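Enquirer: Sharing a structure below in C-alpha cells format, with a few things to ask.
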Amino acid sequence: MRPEGATNELVSDWSLMARVVQKDEGALSALYDRYSGLVFSEAKRILRDTGAAEEILQDLFYQIWRTAERFDESRGSLGGWLMVAARNRAISKLRRKTGKAEELDENTVSMHVDIESRASQNLLLDKVRAVMGSLPEGQREAVECAYFEGMSHSEIAAKTGQPLGTVKTRIRSAMETLKQVLS
Amino acid sequence: MTNGEHIREEDLLLLALGALPDDEATNLLAHAKSCAECAAKLAEERGHAATLAFAAKQEIPAATVKVELLARIHAEREKEEHYKWPLKKDEVRQIPSPKKDGTSMNEGKLNWLQWVLIPVAAVFLIATALMWKSNRELKAELAKANHDLIDIQNQRQRTEMIVDVLSAPDTVSVRMAGSGESAKSIGSANYNARRGVLLYTAVLPPLPQDKVYQMWLVPTTGSPISAGVFSPGPHGNRELWTATIPLNTQAKAFAVTIEPAGGVPQPTGPKVLLGAS
C-alpha cells in the first residue's frame, strides 16, 4: 500500500486543477494537503493569529474550488500564486485595507523552483532559512518588514532610521542573495 | 518610475515584495497590465518574493479547517442541485426513452435519489443541529471551567500570600480587644510593614444594614489609614480579611470603628476594637 499522499505527489498541480474544474473534490483535497501548511504558516507569520490564518487558508481553497476554470497554466505556478495570494490577503487584513480579493488575486507568479512535492518543499525551506539566517541583520529586517509586515520602503526607512536609499539597497541585496542561492 | 516605457528592475522587485507605497504600486500595476514584458518580469519577481514564505515557521493547520472547507463545498453543491434551473421544453425531448412504467430514466433516477437524499439530508440536519447544541453546551462548560480555574488560581495565590505573611519573621501580631458595650468582642491583626500587607479577623456582633465595621491602622506619625470595611457573616463566621497598606508604614495601633455603609476617609464612629502594636 502506498503511503498517504504519495500518489498526489506524482500528479502535477495543473493536472489536479484540471480535475478541480470538473468538480473533483479529491483533487482539491490533494492540493490542500500539498499547500495548506505553507499557506497557513505564511498567513500566521503575518497575522500572528491562528483563527485569522485558518480563515484565509479556507477562503483561498474555496475560491480555487469556485473559480477553478479561471486558473490555468498561464498563471504560472499554482503554489507560487497561493503564496502570493495568502500574503496579500493577510497583509490586507493586518493593515485593514479593503481591496477586493479578486483584484489581489489576479497576479501571475512564475517560480523556477519546484514546490509541488513534499521533498522539494523541504529542500526549499532549508535553503530559504539558511539564506535568511546568513543575511546581515539590516537586510533581513528590511525584507521581513516588507514581506511579512507589508511595510513600504519609506515606512521601513522611518522604522529603522535609515535613509530610503539604504533601505532599497538592503532589500535589493537580500533578494539578489536569495535568487543566487535558489538558482 | 519607469525607464522609458518599462518599469525599472528595482521597482519591479519592490513592487513584487509589496514595498512600494499604494499609489506608486497602482501606477506600476496599471502599466504592467498593458505591457507583456513588464508583466512577465513582474511575475518572475513575484516568484522570487514568494519563496520568502518559506522563511516562516512551518505549522500545520487544524484538521477542522479542511473538514469545514469540504462541508462548505458540499453545502454549495447541494444548494446548486436544489436550485438547478428546470429543463426547457426542447431539452426535455432529449431525455432518454421512457421506461415501461412511463417514467423516463432520469425521472426514475431522480425519484430514487429523492427517496435516498431526503432522509439522508434530514438525518444530516438533525445531526448538525445536535452537534451545534452539543458544541454550544461544551463552550458554556469550557467557559465555566475557565472561570472556576481562575477562581482557584486566585484563591491559591491568596492562600500563598497569607502563608507567606504569617510565616514571615518581620510580621507583627496584635490582639485587639473591645471595651464597654463591646467588651466581649475580640480581633487580631497580623501586619507586615515591609510587604505592606495587613491580615485581620474579628468576632463582632452583626450591624444594621446602613452600618459597617471599618478597620484602621494608626501609624506612628500621621492620620489613621483605612484598611477596608467589613461585615461579619450572618452566623458570626470568623473571616480573614486582607488589606494593602503603603509600604514601610510603621504601625502604632490597630482599631475597628462603626461607620456608615461604604466607609469614611477618617474614623468618625465609636471604637469597638483596639490593639497597640
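The values are calculated or read from the model by the stated rules, or taken from the named source; none is laboratory data. The shown structure was predicted, so the numbers you read here are calculated from the model rather than taken from an experiment. So basically every Cβ, Gly included, is an ideal-geometry build from the backbone, and we count neighbours across all protein chains shown.
Enquirer: Quick check: anything in region A:93-102 in a helix (DSSP H, G or I), closer than 18 Å to B:ALA55 by Cβ and either modelled with pLDDT of 85 or more or small (Gly, Ala, Ser) (or both)? Reasoning before the result, please.
Expert: Within region A:93-102, the first condition is being in a helix (DSSP H, G or I), and the residues that meet it are A:93-94, A:101-102.
If we keep only those that are closer than 18 Å to B:ALA55 by Cβ as well, we get A:94.
Next cut, either modelled with pLDDT of 85 or more or small (Gly, Ala, Ser) (or both) only: A:94.
Checked region A:93-102: at least one residue is in a helix (DSSP H, G or I), closer than 18 Å to B:ALA55 by Cβ and either modelled with pLDDT of 85 or more or small (Gly, Ala, Ser) (or both).
Enquirer: All but one of (1) within 38 Å of the chain's Cα centre (by Cα); (2) aliphatic (A, V, I, L, M); (3) over 19 Å from B:ILE162 (Cα atoms) hold for B:MET215; which doesn't?
Expert: (3)
Enquirer: If you don't mind, there's one more thing I want to ask. Step by step: first the residues of region A:36-55, then only those that are more than 10 Å from chain B (Cβ to nearest Cβ) and assigned to a helix (DSSP H, G or I), then the one that is farthest from A:ASN88 (Cα to Cα). Which residue is that?
Expert: Looking at residues that are more than 10 Å from chain B (Cβ to nearest Cβ) and assigned to a helix (DSSP H, G or I), I get A:ALA52.
Enquirer: Moving to a separate point now. For the subset of region A:131-144 comprising residues that are over 13 Å from A:THR166 (Cα atoms) and at the interface with another protein chain (Cβ under 8 Å from one of its Cβ atoms), which member is modelled with the lowest pLDDT?
Expert: Out of the qualifying residues, it is A:MET132.
Enquirer: Going through region B:199-215 one residue at a time, which ones are surrounded by fewer than 21 Cβ atoms within 10 Å (Cβ to Cβ) and under 17 Å from B:THR268 (Cβ atoms)? Walk me through it before giving the result.
Expert: Step one: list which residues in region B:199-215 are surrounded by fewer than 21 Cβ atoms within 10 Å (Cβ to Cβ), which gives B:199, B:201, B:203, B:205-212.
B:LEU207, B:PRO208, B:ASP210, B:LYS211, B:VAL212 - these are the residues of region B:199-215 that are surrounded by fewer than 21 Cβ atoms within 10 Å (Cβ to Cβ) and under 17 Å from B:THR268 (Cβ atoms).
Enquirer: Next question. So which pairs qualify, if the first residue must be in region B:252-263 and under 18 Å from B:GLY275 (Cα atoms), the second must be loosely packed, with under 13 Cβ neighbours inside 10 Å and among the aliphatic types (A, V, I, L, M), the Cβ gap must be under 8 Å, and the two must be at least 6 apart or on different chains?
Expert: If the second residue must be loosely packed, with under 13 Cβ neighbours inside 10 Å and among the aliphatic types (A, V, I, L, M), the pairs left are B:LYS252/B:ALA276; B:ALA253/B:ALA276.
Enquirer: When you scan region B:44-55, do you find a residue that is of a type in the set (A, V, I, L, M, F, W, C), at the interface with chain A (Cβ under 7 Å from one of its Cβ atoms) and surrounded by fewer than 16 Cβ atoms within 10 Å (Cβ to Cβ), even just one? Give the derivation first.
Expert: Our first condition is that a residue be of a type in the set (A, V, I, L, M, F, W, C); within region B:44-55, this holds for B:49-50, B:52-55.
With at the interface with chain A (Cβ under 7 Å from one of its Cβ atoms) added as a condition, the list becomes B:49-50, B:52-55.
Pick out the ones that are also surrounded by fewer than 16 Cβ atoms within 10 Å (Cβ to Cβ) and you get none.
No - not one qualifying residue is present in region B:44-55.
Enquirer: When region A:23-35 is examined, which residues are found to be more than 9 Å from every other protein chain (Cβ to nearest Cβ) and either surrounded by fewer than 22 Cβ atoms within 10 Å (Cβ to Cβ) or in contact with a helix residue (DSSP H, G or I) (Cβ under 6 Å, 6 or more places away or on another chain) (or both)?
Expert: Applying the first criterion (more than 9 Å from every other protein chain (Cβ to nearest Cβ)) to region A:23-35 yields A:24, A:26-27, A:30-31, A:34-35.
Of everything in region A:23-35, those that are more than 9 Å from every other protein chain (Cβ to nearest Cβ) and either surrounded by fewer than 22 Cβ atoms within 10 Å (Cβ to Cβ) or in contact with a helix residue (DSSP H, G or I) (Cβ under 6 Å, 6 or more places away or on another chain) (or both) turn out to be A:ASP24, A:GLY26, A:ALA27, A:ALA30, A:LEU31, A:TYR35.
Enquirer: Step by step: first the residues of region A:56-88, then only those that are among the small types (Gly, Ala, Ser) and outside any helix (DSSP H, G or I), then the one that is modelled with the lowest pLDDT. Which residue is that?
Expert: A:GLY76
Enquirer: Answer with yes or no whether B:LEU14 is within 18 Å of A:VAL109 (Cα to Cα), of a type outside the set (Ser, Thr, Tyr) and modelled with pLDDT of 90 or more.
Expert: In short, yes.
Enquirer: Given the options A:SER92, A:SER41, A:SER77, name the one that is among the polar types (S, T, N, Q), in contact with a strand residue (DSSP E or B) (Cβ under 9 Å, 6 or more places away or on another chain), surrounded by 15 or more Cβ atoms within 10 Å (Cβ to Cβ) and within 18 Å of A:TYR147 (Cβ to Cβ).
Expert: A:SER77
Enquirer: Turning to a different aspect of this structure: Only one residue in A:ASP33, A:ASP126 is outside the structural domain of A:VAL11 (by TED's automatic domain parsing) and assigned to a helix (DSSP H, G or I). Which one?
Expert: Going through A:ASP33, A:ASP126 in turn, just one is outside the structural domain of A:VAL11 (by TED's automatic domain parsing) and assigned to a helix (DSSP H, G or I): A:ASP126.
Enquirer: Follow-up. What do you reckon, is A:SER183 under 14 Å from the mean Cα position of the chain (by Cα) and either at pLDDT below 95 or facing another protein chain (nearest Cβ under 7 Å) (or both)?
Expert: Criteria not met by A:SER183.
Enquirer: From (1) touching a strand residue (DSSP E or B) at 6+ places or on another chain (Cβ under 9 Å); (2) surrounded by fewer than 16 Cβ atoms within 10 Å (Cβ to Cβ); (3) of a type outside the set (Val, Ile, Thr), pick out the condition that doesn't hold for B:PHE230.
Expert: Of everything listed in (1) touching a strand residue (DSSP E or B) at 6+ places or on another chain (Cβ under 9 Å); (2) surrounded by fewer than 16 Cβ atoms within 10 Å (Cβ to Cβ); (3) of a type outside the set (Val, Ile, Thr), B:PHE230 misses just condition (2).
Enquirer: Sticking with this one: Filter region B:184-193 for residues that are touching a residue at least 40 places away in the same chain (Cβ under 8 Å), surrounded by fewer than 20 Cβ atoms within 10 Å (Cβ to Cβ) and either part of a loop (DSSP other than H, G, I, E, B) or under 36 Å from the mean Cα position of the chain (by Cα) (or both) and give the result.
Expert: Listed by number, the list holds a single entry, B:SER185.
Enquirer: Identify, by number, the condition in (1) out of contact with any helix residue (DSSP H, G or I) (no Cβ under 7 Å at 6 or more places or on another chain); (2) surrounded by 13 or more Cβ atoms within 10 Å (Cβ to Cβ); (3) at negative phi that B:GLY196 doesn't meet.
Expert: (3)
Enquirer: Return only the number of the condition from (1) over 27 Å from A:LEU60 (Cβ atoms); (2) of a type outside the set (S, T, N, Q); (3) under 44 Å from the mean Cα position of the chain (by Cα) that B:ILE7 does not satisfy.
Expert: (3)
Enquirer: Considering only residues that are in contact with an Asp or Glu (Cβ under 8 Å, 6 or more places away or on another chain) and either in contact (Cβ under 8 Å) with a residue 60 or more places away in the chain or basic (Lys, Arg) (or both), which ones fall in region A:29-81?
Expert: Selection gives A:ARG34, A:LYS44, A:ILE46, A:ARG66, A:SER77, A:LEU78, A:GLY79.
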